[in-house]
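Undergrad: Take a look at the following structure, please.
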Amino acid sequence: MKSRLLRFLMPSSTDASIDQLAVRIDQARALHGQGQHQAAAAIYEEILQAHPGNAEAHYRYGNVLKDQGAWPAALDNYDRAVALKPDYVHALCNRAVVLGLMNRIPDALASYERALALDPTDVIALCNQGILLKGLGKTDAALASFDKAIARDGACYQALFSRAALLQQERREWRAALAAYDRAIDVNSADALAHYNRGSVLRELGQWNAALTSFGQAVALNTDFSQAYAARAEMLQKLNQLAPALESYDESLALNPSDATTHNNRAVLLQKMRRFDAALAGYDQALTLDSGYAEAHFNRGTVLTDLDQADAALESYDRAIAMRPNFGDAHVNRGFVLQDKGLIHEAIASYRHSLSIDSELAEAHYNLALASLAIGDYETGWREYEWRWRATSGPIFRERREFQQPLWIGCESLAGKTILLYGEQGLGDSLQFCRYASLVAALGARVILEVPAPLVNCCSMLSGVAEVISYGSPLPAFDYQCPLMSLPLAFKTTLGSIPAADGYLLGDFQKVAAWQERLGAKTKPRIGLTWSGNQAAGPYRKRHFALAGLLPYLPADFEYHCVQTEVAAADAETLARGSVVFQWADALRDFSDTAALCQCLDRVITVDTSVAHLSAALGKPTWVLLAFSADWRWLTNRDDSPWYRTARLFRQSAPGDWDGVFERVGAELRRMTA
């Protein structure tokens, strides 16, 4: 019997059901992909009613529930999928994602471990595992996960980016992080966040121009990236491009006006631009948004200090300290304001409190030095003053010099040695402390003195000095070196042992004779006047006054001579209106000319400036007019100076009260002619 040829094969009912199930799953997947979560969920629920043992339907329904935020239900479906199909890697991975979202990190890691045991090449699982490990602070294990992912797929951007972020945020390995971000950006250059993070790393490395470029790329890729605008502004500010920096801050705040940090940083910029009122408004806005923002309270204090609103500044510093009791810088600035108010012992307590918080806080040591010197505690003052080289916020730090020769501060023998003594700060400082040269020479040393060029001729007749050179000149050979203002420490100077208080400089005899001829026969006592210090100096506002304010107090019984070369425009107008003050600016080429003129005068009346030190060092009667909070070298609450026996001090009785000073000066001058 012949076998029969089967010409048609009809599908079984089971095969048809499977095909129909696949179609329905595809429909649900399509709806899920279109964001129609409810419609997709309805289909999966229908499928699972009919086919509760279908692992794929449970898995895909879990995906929908995950995206809907129904994490417990999603987890239940992933669990069912894995129970039905233990080697279901995708279900294990998405189960781990949901567990991570539910903050069940150990369970999530266990799920990734099961998935990776089944498929160790799953790059996404490795990457996600690394992210969870990073969150737990297990940076070595996280880095290993990222490295495995990258080894399997060198173009896996998520792994490359995550590895770079770990090196940046957790390890703070800036150069390694920079290389990692460069590699990530090679794979995907369109991610604004990667450029932003790269800029942040470059900022930490001090590469501000490169950081600026990265932040610029971030905002070019994402024009709504407010943090990138703010970071770009910070770099522009560091590069002293202040106007573009302000514009970038404004762009950031236009996108996110509630960012207290950006308001604060913008105010810092405005303060640097000396727009103090606008800066104050910026700090106030930052504090409106975040009243507990300690740095904004602190910065507000600094601008109020700039505005001479001492009490309000103190209140801001106190609030910063209330927010953060261990805010060392706030204690330092609080001390500065107290010292400026004449409350020096309270200021010292504040400085010492800051040092109890951070014993290495250089600004606190430096300010403690100035306060201690002001009250005559020279033992503390000279010791603490050595911290000036480490106080990075001050001008002295920028003048630090490096020598191969050792520093001498009184320990080693100088017999037969050559030592370089050098000025480190202003002209007045060099004039005041060059007196120590003779003491150094008396120890058997050959003394080379380096001073600013205008002082070279003036100091050439100084006792004990073998050679005087100007800043910038080639240095001769020497064995030791010491800055002039460290010499009081070397000689353990006290109030009772200040050297050469009777005068130690001499005018050039030929120049003195020339000035006597220029001035002619004396018909009245001659008085030199200096009313303005170096306008570029930090405390200039306290070391000058308008000449027009002084003139009405000067009796006509004297002949007045200007002993300064720089004259502000307003003072020049006063002089041009027929002032009785003789002007000699063209003849005062350096300080040896000024010294010779002073030698020909009977008295010098001067604000606290280099002329005060020059005149007093010559032994001339010198009246020094001082602000309420005067420089430390004039001490406090006295009208004489242990540094200069011929000096007499006229202090403001209240901040800004120059009229009271002028009245006393005028009264003393009239008494001299009575």
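The values are calculated or read from the model by the stated rules, or taken from the named source; none is laboratory data. Note that the structure is a prediction, hence the values are computed from the model and not measured. Methodologically, a virtual Cβ is constructed for each residue, glycine included, from the backbone with ideal geometry; neighbour enumeration extends over all protein chains shown.
Undergrad: Given Ala616, Ala630, which one is part of a helix (DSSP H, G or I) and among the small types (Gly, Ala, Ser)?
TA: On the way: Ala630 fails: part of a helix (DSSP H, G or I).
Only one candidate passes the filter, namely Ala616.
Undergrad: Here are Gly416, Gly428, Gly410: which of them is buried (at least 17 other Cβ atoms within 10 Å of the Cβ) and of a type in the set (Gly, Ala, Ser)? Lay out the reasoning, then the answer.
TA: Values: Gly416 fails: buried (at least 17 other Cβ atoms within 10 Å of the Cβ); Gly410 fails: buried (at least 17 other Cβ atoms within 10 Å of the Cβ).
The unique qualifying residue is Gly428.
Undergrad: Would you please name the residue that is farthest from Leu588 (Cα to Cα), looking only at residues in region 411-439 that are without any contact (Cβ under 8 Å) to a residue 60 or more places away in the chain and over 38 Å from the mean Cα position of the chain (by Cα)?
TA: Among those that are without any contact (Cβ under 8 Å) to a residue 60 or more places away in the chain and over 38 Å from the mean Cα position of the chain (by Cα), it is Ser413.
Undergrad: A further question on this structure: I'd like to know if region 188-205 contains one or more residues that are in contact with a Pro (Cβ under 7 Å, 6 or more places away or on another chain) and free of Cβ contacts under 8 Å to residues at least 60 places away in the same chain.
TA: Residues of region 188-205 in contact with a Pro (Cβ under 7 Å, 6 or more places away or on another chain): none.
Looking for residues that are in contact with a Pro (Cβ under 7 Å, 6 or more places away or on another chain) and free of Cβ contacts under 8 Å to residues at least 60 places away in the same chain, one finds none in region 188-205, hence no.
Undergrad: Residue under question is Ala595, and the condition is that it be more than 21 Å from Met672 (Cα to Cα), touching a residue at least 40 places away in the same chain (Cβ under 8 Å) and not in a loop (DSSP other than H, G, I, E, B); does it hold?
TA: Working: more than 21 Å from Met672 (Cα to Cα): yes; touching a residue at least 40 places away in the same chain (Cβ under 8 Å): yes; not in a loop (DSSP other than H, G, I, E, B): yes.
Taking the combined requirement at face value, the residue satisfies it.
Undergrad: Test Ala115 against the criterion of being among the hydrophobic types (A, V, I, L, M, F, W, C) and surrounded by fewer than 23 Cβ atoms within 10 Å (Cβ to Cβ), and give yes or no. Before you say what the answer is, go through the steps one by one.
TA: Numbers: among the hydrophobic types (A, V, I, L, M, F, W, C): yes; surrounded by fewer than 23 Cβ atoms within 10 Å (Cβ to Cβ): no.
Spelling it out, it is not the case that Ala115 is among the hydrophobic types (A, V, I, L, M, F, W, C) and surrounded by fewer than 23 Cβ atoms within 10 Å (Cβ to Cβ).
Undergrad: Here is a further query. Being assigned to a loop (DSSP other than H, G, I, E, B) and touching a helix residue (DSSP H, G or I) at 6+ places or on another chain (Cβ under 7 Å) is the filter here, so list the residues in region 268-283 that pass it.
TA: Hit for region 268-283 is Met273, nothing else.
Undergrad: Here's a follow-up. Taking region 332-360, which residues are in contact (Cβ under 8 Å) with a residue 12 or more places away in the chain, over 17 Å from Tyr317 (Cα atoms) and part of a loop (DSSP other than H, G, I, E, B)?
TA: Within region 332-360, Gly342, Asp358 qualify.
Undergrad: Can you find, within region 536-592, the residue that is modelled with the highest pLDDT among those that are over 26 Å from Ala513 (Cα atoms) and hydroxyl-bearing (Ser, Thr, Tyr)?
TA: Tyr553
Undergrad: Of all the residues that make up region 192-250, how many are farther than 22 Å from Gly282 by Cβ and in contact with a His (Cβ under 8 Å, 6 or more places away or on another chain)?
TA: Number of matching residues: 4.
Undergrad: Among the residues of region 352-375, which ones are of a type outside the set (S, T, N, Q), surrounded by 18 or more Cβ atoms within 10 Å (Cβ to Cβ) and closer than 22 Å to Ile498 by Cα?
TA: Answer for region 352-375, where residues must be of a type outside the set (S, T, N, Q), surrounded by 18 or more Cβ atoms within 10 Å (Cβ to Cβ) and closer than 22 Å to Ile498 by Cα: Tyr366, Leu368, Ala369, Leu370, Ala371, Leu373, Ala374.
Undergrad: Shifting gears a bit: Looking for whichever is closer than 28 Å to Ala490 by Cα, surrounded by 17 or more Cβ atoms within 10 Å (Cβ to Cβ) and either at pLDDT below 95 or outside the structural domain of Ser641 (by TED's automatic domain parsing) (or both) here; the options are Tyr317, Tyr378. Which one fits?
TA: Values: Tyr317 fails: closer than 28 Å to Ala490 by Cα.
Answer to the check: Tyr378.
Undergrad: Then there is this: Name the residue, out of Leu160, Leu166, Leu99, that is out of contact with any Gly (no Cβ under 6 Å at 6 or more places or on another chain), in a helix (DSSP H, G or I), of a type outside the set (Val, Ile, Thr) and modelled with pLDDT under 95. Break it down stepwise before answering.
TA: Numbers: Leu160 fails: modelled with pLDDT under 95; Leu166 fails: modelled with pLDDT under 95.
After ruling out the rest, the residue left standing is Leu99.
Undergrad: Hey, another quick one. Considering each residue of region 85-106, count those that are crowded, with 16+ Cβ neighbours inside 10 Å and either under 19 Å from Pro72 (Cβ atoms) or in contact with an Asp or Glu (Cβ under 6 Å, 6 or more places away or on another chain) (or both), and give that number.
TA: 12
Undergrad: How many residues are in contact with a Lys or Arg (Cβ under 8 Å, 6 or more places away or on another chain) and surrounded by fewer than 20 Cβ atoms within 10 Å (Cβ to Cβ) if we restrict to region 36-70?
TA: Going through region 36-70, the residues in contact with a Lys or Arg (Cβ under 8 Å, 6 or more places away or on another chain) turn out to be 40, 43-44, 46-47, 55, 58, 60, 62.
If we keep only those that are surrounded by fewer than 20 Cβ atoms within 10 Å (Cβ to Cβ) as well, we get 46, 55.
Selection size over region 36-70: 2.
Undergrad: Here is a further query. So how many residues does region 158-199 have that are out of contact with any Lys or Arg (no Cβ under 9 Å at 6 or more places or on another chain) and β-branched (Val, Ile, Thr)?
TA: 1
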